[in-house]
Structures are given as structure tokens and as C-alpha cells.
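The values are calculated or read from the model by the stated rules, or taken from the named source; none is laboratory data. Keep in mind that what you see is a predicted model, and the values were worked out from it rather than measured. Neighbour counts are summed over all protein chains in view; Cβ atoms, including those assigned to glycine, are modelled from backbone coordinates with ideal geometry. Please note that ligands, DNA and RNA were not included when accessible areas were found on the heavy atoms of the full protein model with its side chains. Shrake-Rupley method; radii C 1.70, N 1.55, O 1.52, S 1.80 Å.
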Amino acid sequence: MRTPKEFFLPLALGAPDPLREIPVKPSRMIHFFDPSNPKMAAKVPQIAQKVDVLLGNLEDAVQADRKVEAREGLIKIAKNTDFGDCALWTRVNSLDSPWFLDDMLRLVGEIGDRLEVIMVPKVTGAWDINFVDQLLAQLEAKHGLTKPLLIHAILETAGGVSNVEEIAGASPRMQGMSLGPADLAASRRMKTTRVGGGHPGYLVRTDPDETNPEAPRTTAQQDLWHYTMARMVDACVQHGLLPYYGPFGAINDPTGCEDQFRNAFLLGCVGAWSLHPNQIEIARNVFSPPVDEVAFARKVIDQMGDGTGTVMIDGKMQDDATVKQCHVMVNLAKLIAEKDPDMKAKYGF
Ligand code: GLV
Ligand code: MG
């Protein structure tokens, strides 16, 4: 492990200084597009106005014989598009793939000043992050970049989940993490073919009625991802990173998508991936704090004065801890209001 003093030194001569803190701005939806698909590429300027983050995907979902088109397409799009205040990210191919090295060499060389975050898939331990960290420092120095590129790890292997804390703390470049439920399910040999969401077989059931054993027993579907999400959120917060839910594959189930996103939001995540334009609005609604809760939080902050002691508001006890919860809600709402005029009007800031 690097010592605390070494941790914030650049890893290559001439590379920019690592950031001490990850910039926090709205990233409610990370909208994926395939840069090798001309139809999707044509829509990028229009979608950039609607989303917080646009991500040029080079990894899974891009056909093996389209990998180079995707990479070169992303370079072209990045150079020719005005993204406004929408952040541009990419997901490169995995470290063991035949495409990873050229993804990094081409992207950092050509558009390293436009990209903010590089999403690294199938991370299994801190060593993966250390490797990407060093390579990025070399490339930043070579190309005279002045702002460090950040790394986002996808939590989608059993090894990655086991090592989640070390991954989160592996580099000052670590921006965040997303849950990758599809690869994670495969890696763990979970018996689901779904991309995120619940499963009707994963449930709890009430006890049998002893006087009437044949009576129907109520069941409730449980969240398959709760354990992993909770570990990811704690590791991220502990290391100053942002946690995200990843993909929800059932595009035809907006309600299920909303539920999955909301579970993640309530647990502490700041955003999710949108794989289809229909999911953009779902993510915007879910990851912007609810208007009535923000209004209530403002009332608590107001009435709590210096933030100590207790007050009763609408029959609910408030104290030093709840006022902190309220600050989390209001601070996030303020951040979102700065970027989203609709939400600003709704919050009344
Ligand atoms: C995302 O990459 C996933 O595997 O779910
Ligand atoms: Mg994956």
C-alpha cells in the first residue's frame, strides 16, 4: 500500500496532481450509447441536453467486429459535439481483452481533455485499479493533460465484491462505482437471467396457519441486490466516492425500473445507468429528492436553529441527527436545482 504521503503524488513525471476530492455534480443518469451505431451517434447532441452524463460504451453490447468503429466513433463524436454541461464518460473494454490497450491509448491521446471518467469493467481487486492508474498517469504526461482522468469501477465480479473496500481506496482517481448485476450474477453463479431487478423466486413467506395448513400464505419478493448495494455504498462513502446502481435490462418494465432505482436512491446511490431513452426520465425523477421531503427538510433545518436539541414537527421528533439527514436532502436538491431549472422551480429555491 502507498503511504499517505505518497498517495497524492502523480504516478508519472509530468502527470497532473491527483484530485484531493471528487467533484460532486448531478449524475442522476449515466446514459449509455454505442458510438459504432450511426443512428445512436446522430442523436448524441440532442440527448446531451437531457442527461447529466453521456457514456460512450465500448465494452459489452458492442459487437466484437464493431469495437474499432465504436472507439473511433467516440473520438469523432467527442471532438465534434458541444456537450454543454453534460459530462462525457466512456466504458472501455476489460483489462484482459484484446481491445483495452488501444482503447486507452487512442482515447486518452485524442480526447483525454474531453473525457471526465473512464469506467473500468470486471474489476476484481485493487491491482486492476493500480494498473489503470499508472497507465493513465503515463498517458496524461505524454499528452500534456492538465486535469486527471477519473476511474469508475463496475462492481460485477464476486472478487470485486470481496475486495470492494480496497478497490474504493486504491487511487485518488476513484470517482465511483456501479453495481453490474448481469456480470455479477454470472460470476457468482446466481440463477437469474435478468439484468437487475427482483426475482419472483427470491421471497419470504408467512408461516403456515396451524389451524388451517391449506390456507394461502402471503409472500413478499425480496431484493437480490441489497447486500451488494449496501456494501458498495459503505465502501464508496468511506472513501469519498459516489455509488450508483447500474443497468436495469427490462426496458418494457418502467415500474420495476423505478422501484429498483428508488431502492438504490434510498440506500445512498446518486444515480443509475439509462440504457434506453425511456429510462432517462425515470432516473431524473427518482434521483432528484422528492419535493415534499425537501420542503419538510427545510422546515426542520429552519426550526432546529443551531442544529442542537430537539423539536417536534408534525408529530415527529427532530434532533441533531435528523437535522443532518435533512441537510443531505436539501444539499442534494440545491445541487440539482443549479443544473435543472424544472426541479429548481419545483423546490422553490
Ligand atoms: C453491467 O455491465 C452488468 O454486467 O450488469
Ligand atoms: Mg457487465
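Structural remarks
- Counting only residues that are in contact with a helix residue (DSSP H, G or I) (Cβ under 7 Å, 6 or more places away or on another chain) and either under 25 Å from A137 (Cα atoms) or of a type in the set (K, R) (or both), the range 26-50 holds 2 of them.
- Enumeration of residues in the range 248-284 that are in contact (Cβ under 8 Å) with a residue 40 or more places away in the chain, of a type in the set (S, T, N, Q) and surrounded by fewer than 22 Cβ atoms within 10 Å (Cβ to Cβ): N263
- Filter result for the condition that a residue is open to solvent by 60 Å² or more (accessible area, probe 1.4 Å) and not charged (D, E, K, R), over T157, T146, T192, T228: T146
- Residues in the range 159-183 that are within 21 Å of L224 (Cα to Cα) and within 16 Å of ligand 1 (Cβ to nearest atom): G159, G160, V161, V164, M177, S178, L179, G180, P181, A182, D183.
- Of all the residues in the range 296-329, those that are without any contact (Cβ under 8 Å) to a residue 40 or more places away in the chain and either part of a helix (DSSP H, G or I) or open to solvent by 90 Å² or more (accessible area, probe 1.4 Å) (or both) number 23.
- For the range 162-191, residues that are within 16 Å of ligand 2 (Cβ to nearest atom) and in contact with a Phe, Trp or Tyr (Cβ under 8 Å, 6 or more places away or on another chain) total 5.
- One residue from T206, T192, T219 being touching a strand residue (DSSP E or B) at 6+ places or on another chain (Cβ under 6 Å) and assigned by TED's automatic domain parsing to the domain that holds N163: T219
- A search for C-beta distances below 6 Å between a residue of the range 194-221 that is of a type in the set (F, W, Y) and any residue that is within 16 Å of ligand 1 (Cβ to nearest atom), counting only pairs 6+ apart in sequence or on different chains, returns Y202/L224.
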